[in-house]
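Asks: Encoded as structure tokens, here's the structure I'll be asking about.
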Amino acid sequence: MTPSGGPPGSDPRRLLLVSPPPRLVSEATEAGFRVTVTGTECFADDDTLREHLAETGRIHRVSRLIACGEASTRPAVLETAEHLGLSPNPAAAAPLLADPSRIRGLLTRSGPQWEAVAMPAGEEDGPLPYDVEYGVETLTAEGMHRVTGIVELRRTGTGATAAGAAGPGGGPPGPGPAGATPGAAGAGREGVPVRTFPAPLTGQEEAEIRALATGLLDLAGYEFGYACTRVARTDDGLRIVGSVAEQAKWPTSRLIELTTGLVPERELVRVLSGKPMEAPVLVGCAAAVPLPGPGAVPEGVATLAGVREVCDGHVLLTALTPAELATRTAAVLDGLT
């Protein structure tokens with residue numbers, strides 16, 4: 001998307017941000033955009049919200065409406081943006097991505113190769129039929145999807161940080177699923193959901209996961225903005241779990257930022273400015289370990305090697321190599337036991 005977009009009479013440097021995070025407002029303002037901010041929570045019905053958005057867009061001559069958070073899937077917001085010519089996305093795209101049953105139907109209708117990667121109906125209601133899941137964050141501009149990061153979520157303690165797995169330099173993977181080394185970091189607490197970035201994948205595995213995530217966005221007609229797609233590794237192969245039309249949630253987004261320096265809000269603003277998306281430069285690797293429960297952090301955990309942050313229920317740590325990260329994660333898991 002270029003800054004010259006928008007309806008006739010609009011100002012290409014004026015944006016309407018709906019329920020944005022503070023950092024997006026700051027980044028857009030610093031880039032020279034004139035920003036108008038509004039929310040959705042004060043409107044009792046959709047008709048009033050639609051009128052408010054239309055009037056705000058007209059008064060401020062905005063060229064783009066960017067919906068964030070809860071607003072990113074609210075039909076009243078998306079349909080208004082489409083009707084006013086303020087969004088390159090069809091209004092149906094984001095709600096479709098947010099509904100697993102609709103994704104399953106879309107994949108089933110799109111041919112045997114897509115039907116084969118749809119998660120079977122009812123799987124989300126019972127025990128998860130998989131232990132490993134990948135969060136694929138993408139930033140799309142003019143229908144071109146760039147993968148900014150793939151984060152592994154491993155729900156078993158075994159090989160949670162995948163020591164010996166393919167690292168930033170693309171080295172050979174270790175044994176086991178996704179290159180995991182059994183027992184490396186899971187010795188502390190069985191069943192702890194540990195997130196690792198970059199995901200320990202072979203080149204072929206990464207290519208397959210990228211293709212599933214970007215292919216889903218193509219099928220849904222998604223043209224602009226962040227999305228985070230979940231892909232599971234099951235006994236029957238890779239399966240698409242779901243997607244959401246916004247940047248990855250904490251701590252996934254923070255792991256990518258810590259190891260690449262990529263600030264998601266800044267990249268979105270770059271795209272809005274008509275500038276090319278920058279390729280993230282990977283430096284090291286990172287993991288997020290959940291705290292065992294609310295309350296104080298066990299003594300000494302915050303000062304363990306590699307720990308960068310302890311907040312929002314997680315311990316975030318970094319290292320230069322996967323093997324070093326596995327050792328540091330094991331120490332954190334032991335400290336939280």
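The values are calculated or read from the model by the stated rules, or taken from the named source; none is laboratory data. In this text, all values refer to a predicted model and were calculated from it rather than measured experimentally. Neighbour counts are summed over all protein chains in view; Cβ atoms, including those assigned to glycine, are modelled from backbone coordinates with ideal geometry. Ligands, DNA and RNA are stripped out before the accessible areas are found, and what is left, the full protein with its side chains, is counted by its heavy atoms. Shrake-Rupley method; radii C 1.70, N 1.55, O 1.52, S 1.80 Å.
Asks: Do you know which residues across segment 229-241 are open to solvent by 20 Å² or more (accessible area, probe 1.4 Å), touching a strand residue (DSSP E or B) at 6+ places or on another chain (Cβ under 6 Å) and of a type outside the set (Lys, Arg)? Before the answer, list the steps.
Replies: Looking only at segment 229-241, we keep the residues that are open to solvent by 20 Å² or more (accessible area, probe 1.4 Å), and these are 230, 233-239, 241.
Subsequent filtering for residues that are touching a strand residue (DSSP E or B) at 6+ places or on another chain (Cβ under 6 Å) retains 230, 233, 238-239, 241.
Scanning segment 229-241 gives Leu238, Val241.
Asks: Now for a separate question. What are the pairs with Cβ atoms under 9 angstrom where one residue, in segment 44-55, is closer than 14 Å to Ala71 by Cα and the other, located anywhere, is open to solvent by 70 Å² or more (accessible area, probe 1.4 Å) and among the polar types (S, T, N, Q)? Sequence gap at least six, or different chains.
Replies: From segment 44-55, no pairs qualify.
Asks: Among the residues of segment 275-322, count how many are more than 19 Å from the chain's Cα centre (by Cα), small (Gly, Ala, Ser), within 22 Å of Pro198 (Cβ to Cβ) and surrounded by fewer than 19 Cβ atoms within 10 Å (Cβ to Cβ).
Replies: Number satisfying all stated conditions: 1.
Asks: Considering Gly143, Gly122, Gly159, which residue is at positive phi, within 22 Å of the chain's Cα centre (by Cα) and modelled with pLDDT under 95?
Replies: Details: Gly122 fails: within 22 Å of the chain's Cα centre (by Cα); Gly159 fails: within 22 Å of the chain's Cα centre (by Cα).
Going through Gly143, Gly122, Gly159 in turn, the sole match is Gly143.
Asks: For segment 208-238, which positions are among the hydrophobic types (A, V, I, L, M, F, W, C) and assigned to a strand (DSSP E or B)?
Replies: Here is the first cut: in segment 208-238, the ones among the hydrophobic types (A, V, I, L, M, F, W, C) are 209, 211-213, 216-217, 219-220, 224, 227-228, 231-232, 238.
If the condition is that a residue be among the hydrophobic types (A, V, I, L, M, F, W, C) and assigned to a strand (DSSP E or B), then Ala227, Cys228, Val231, Ala232, Leu238 are the ones that fit.
Asks: Of everything in segment 38-63, what is open to solvent by 30 Å² or more (accessible area, probe 1.4 Å) and either at pLDDT below 95 or charged (D, E, K, R) (or both)? Give them in sequence order. Lay out the reasoning, then the answer.
Replies: Filtering segment 38-63 down to residues open to solvent by 30 Å² or more (accessible area, probe 1.4 Å) leaves 41-48, 50-52, 54-55, 58-61.
Result: Glu41, Cys42, Phe43, Ala44, Asp45, Asp46, Asp47, Arg50, Glu51, Glu55, Arg58, Arg61.
Asks: Right, something else. Here is a list: Pro8, Pro3. Which entry is open to solvent by less than 50 Å² (accessible area, probe 1.4 Å), outside any strand (DSSP E or B), modelled with pLDDT under 95 and on the phi < 0 side of the Ramachandran plot?
Replies: On the way: Pro8 fails: open to solvent by less than 50 Å² (accessible area, probe 1.4 Å).
Among Pro8, Pro3, only Pro3 is open to solvent by less than 50 Å² (accessible area, probe 1.4 Å), outside any strand (DSSP E or B), modelled with pLDDT under 95 and on the phi < 0 side of the Ramachandran plot.
Asks: When both residues are 6+ apart or on different chains and their Cβ atoms are under 9 Å apart, which pairs have a first residue that lies in segment 261-278 and is free of Cβ contacts under 8 Å to residues at least 40 places away in the same chain, and a second that is open to solvent by less than 20 Å² (accessible area, probe 1.4 Å) and charged (D, E, K, R)?
Replies: Glu278/Glu267
Asks: Looking only at segment 74-105, which residues are crowded, with 19+ Cβ neighbours inside 10 Å and among the hydroxyl-bearing types (Ser, Thr, Tyr)?
Replies: Scanning segment 74-105 gives Thr80, Ser87.
Asks: Still on this structure: Can you tell me which of Val35, Val25 is surrounded by 14 or more Cβ atoms within 10 Å (Cβ to Cβ), touching a helix residue (DSSP H, G or I) at 6+ places or on another chain (Cβ under 8 Å) and modelled with pLDDT of 95 or more?
Replies: Unique residue meeting the criteria: Val35.
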